[in-house]
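> Below you'll find the structure I mean.
The values are calculated or read from the model by the stated rules, or taken from the named source; none is laboratory data. Note that the structure is predicted; figures quoted are calculated from it, not measured. In this analysis, Cβ positions are derived from the backbone assuming ideal geometry, glycine residues included, and neighbour counts consider all displayed protein chains. Accessible surface areas use protein heavy atoms only, side chains included; no ligands, DNA or RNA. Shrake-Rupley method; radii C 1.70, N 1.55, O 1.52, S 1.80 Å.
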Amino acid sequence: MKKIKKQLSSSQIIILGFAAVILIGSLLLTLPFATKDGQGAIFTDALFTATSATCVTGLIVQDTGSYWTTFGQVVIISLIQIGGMGVVTLAVAISRASGRRISLKQRSTMQEAISAPKIGGIVRLTGFIIKMTILFELLGAVIMAPSFCREFGILTGIWYAVFHSISAFCNAGFDLMGVREPYSSLTSFVDDPAINFAVMALIIIGGIGFLTWDDIKVNRHHFGKYRMQSKVILMTTAALILLPAVYFFFFEFTDAPLAERFWSSMFQSVTPRTAGFNTVDQLSMTEVGIAITTILMLIGGSPGSTAGGMKTTTLAVMFSTSLSVFRQREHTHFFGRRIGEDVIRNAATVFMMYLTLCLMGGFLISRIENLPVLTCLYECASAIGTVGLTLGITPDLELASQLILIALMYIGRVGGLTLIFSALSGNKGNTARLPQEKLIVG
């Protein structure tokens, strides 16, 4: 067993870790006392739900609040917590708490799991991640508890506050509001400032990445001292929230009262960070609004965070590289620092991978289900971006279409490059430099 473990690469450990958690979660959800009908979920429904929870997506085939018992909901929120923080992070934290020595292999795997720039200080960072996660989830629950307690009573309200706080921080998008109306998400709280503020804050905090938190903790308001990555993440995240919010405010939710219009616009701009909650019916938006949301879902959150998607840094690198070409500059720059060619190649690969997988999945589901392509692309972007927003088609999809979404959710959570590196582990390739020849593009 030890020999096999030593032979596994960091990428393979991450992939197998997520697969094992999904399988265990699936089996637990098939137990009779996991569902309110006392019969347990069929394995395909359990697998879809466990994958969606572990991959912090939020797409569902059975309404979480009305279909699953408290036991089933505890299993789901546990999978969300494990998936959001990362299997490796929790494993290292447990090893540390038990007093066991953290091996170099574990440190290396942890470094890859949270996209840390160096292996030094990785154990300290793990402790920081655990503490901040508990702190923010408790604060979120405290803010939301009064609203939920007013609606559902004290005990149920506290449970709902904890559940939604973890789900929001982990960018999962699972909700329990199906007790009012199945698949309704947070639409009944569209004008509740406490719920809107808490959920949006948790989504953003969970989605900017653990290393960015560390920068904020160490350097506080001294923005100039931040790592270049943190600066890029914060600037890109701000732009991706504010610009779409302006569009949604002036062109999508114009019939709503001013306060509701403001909260709806901000929430609709924040939730594609890969959270998956919604306070307005997604079908009420125009095709342009749906298309913008689809693009935002594909971009997702930031590296080393609870969020999925191709990542804000990938978009920033692609955008900055394009600007460098327009200005006829040789290199891509951010904040007075040059970006390496390997980073640009990785960004281009990730960009094409997410775009290709989303298009292929959307086209296949459209043909299988005979549904509009835009609707299917929205669902696939939600899956591979691990978002969870839906136009309502997921519960009624055929098994083949559900399997496509399961595959997209899994790839979106563990990362496309991680899967490729795992598959090609140990393959050094041909290092010979071939003759160069000019190729005209554009």
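> Against the condition modelled with pLDDT of 90 or more, within 19 Å of PHE18 (Cα to Cα) and over 16 Å from the mean Cα position of the chain (by Cα), how does ILE404 come out, does it pass?
Values: modelled with pLDDT of 90 or more: yes; within 19 Å of PHE18 (Cα to Cα): yes; over 16 Å from the mean Cα position of the chain (by Cα): yes.
Judged against the criteria, ILE404 is a match.
> I'd like the residue in the range 348-383 that is hydroxyl-bearing (Ser, Thr, Tyr) and in contact with a Gly (Cβ under 9 Å, 6 or more places away or on another chain) and, out of all such residues, is surrounded by the fewest Cβ atoms within 10 Å (Cβ to Cβ). Before you say what the answer is, go through the steps one by one.
Pass one, the range 348-383, residues hydroxyl-bearing (Ser, Thr, Tyr): 349, 354, 356, 366, 375, 378, 382.
After this cut, where a residue has to be in contact with a Gly (Cβ under 9 Å, 6 or more places away or on another chain) as well, the list is 349, 354, 375, 378, 382.
Numbers: THR349: 14, TYR354: 25, THR375: 19, TYR378: 24, SER382: 32.
Of everything passing the filter in the range 348-383, THR349 is surrounded by the fewest Cβ atoms within 10 Å (Cβ to Cβ).
> Same structure, new question: For THR386, are the conditions met, namely being part of a loop (DSSP other than H, G, I, E, B), closer than 19 Å to GLN62 by Cα and open to solvent by 40 Å² or more (accessible area, probe 1.4 Å)? Explain how you work it out, then say what you get.
Working: part of a loop (DSSP other than H, G, I, E, B): yes; closer than 19 Å to GLN62 by Cα: yes; open to solvent by 40 Å² or more (accessible area, probe 1.4 Å): no.
Against the criterion (part of a loop (DSSP other than H, G, I, E, B), closer than 19 Å to GLN62 by Cα and open to solvent by 40 Å² or more (accessible area, probe 1.4 Å)), THR386 does not qualify.
> Now for a different question. Got a number for residues in the range 270-291 being under 21 Å from PHE351 (Cα atoms) and open to solvent by 50 Å² or more (accessible area, probe 1.4 Å)?
Of the residues in that region, 0 qualify.
> Another question, then. Can you go through ARG345, ARG329 and tell me which one is in a loop (DSSP other than H, G, I, E, B), among the basic types (Lys, Arg) and open to solvent by 60 Å² or more (accessible area, probe 1.4 Å)?
Step by step, each of ARG345, ARG329 is checked, and only ARG329 is in a loop (DSSP other than H, G, I, E, B), among the basic types (Lys, Arg) and open to solvent by 60 Å² or more (accessible area, probe 1.4 Å).
> Given the conditions (1) closer than 19 Å to GLY173 by Cα; (2) touching a strand residue (DSSP E or B) at 6+ places or on another chain (Cβ under 7 Å); (3) not acidic (Asp, Glu), and given that THR279 satisfies all but one, which numbered condition is not satisfied?
(2)
> Given (1) modelled with pLDDT under 95; (2) under 30 Å from LEU135 (Cα atoms); (3) in a helix (DSSP H, G or I); (4) not charged (D, E, K, R), identify the lone condition not met by ILE4.
In the conditions (1) modelled with pLDDT under 95; (2) under 30 Å from LEU135 (Cα atoms); (3) in a helix (DSSP H, G or I); (4) not charged (D, E, K, R), ILE4 misses (2) alone.
> All but one of (1) closer than 26 Å to LEU389 by Cα; (2) in contact with a Ser or Thr (Cβ under 6 Å, 6 or more places away or on another chain) hold for ILE339; state the number of the condition that does not hold.
(1)
> Restricting attention to the range 124-145, which residues are among the small types (Gly, Ala, Ser) and loosely packed, with under 14 Cβ neighbours inside 10 Å?
Initially, the range 124-145 is screened for residues among the small types (Gly, Ala, Ser), giving 127, 140-141, 145.
GLY127 - this is the single residue of the range 124-145 that is among the small types (Gly, Ala, Ser) and loosely packed, with under 14 Cβ neighbours inside 10 Å.
> For the range 297-326, what are the residues that are crowded, with 24+ Cβ neighbours inside 10 Å and not in a helix (DSSP H, G or I)?
GLY300, GLY301, SER302, GLY304, SER305, THR306, ALA307, GLY308, GLY309, MET310, LYS311
> Same structure again: Looking only at the range 26-60, filter to residues that are open to solvent by less than 10 Å² (accessible area, probe 1.4 Å) and β-branched (Val, Ile, Thr); which one of those is nearest to PHE169 (Cα to Cα)?
VAL56
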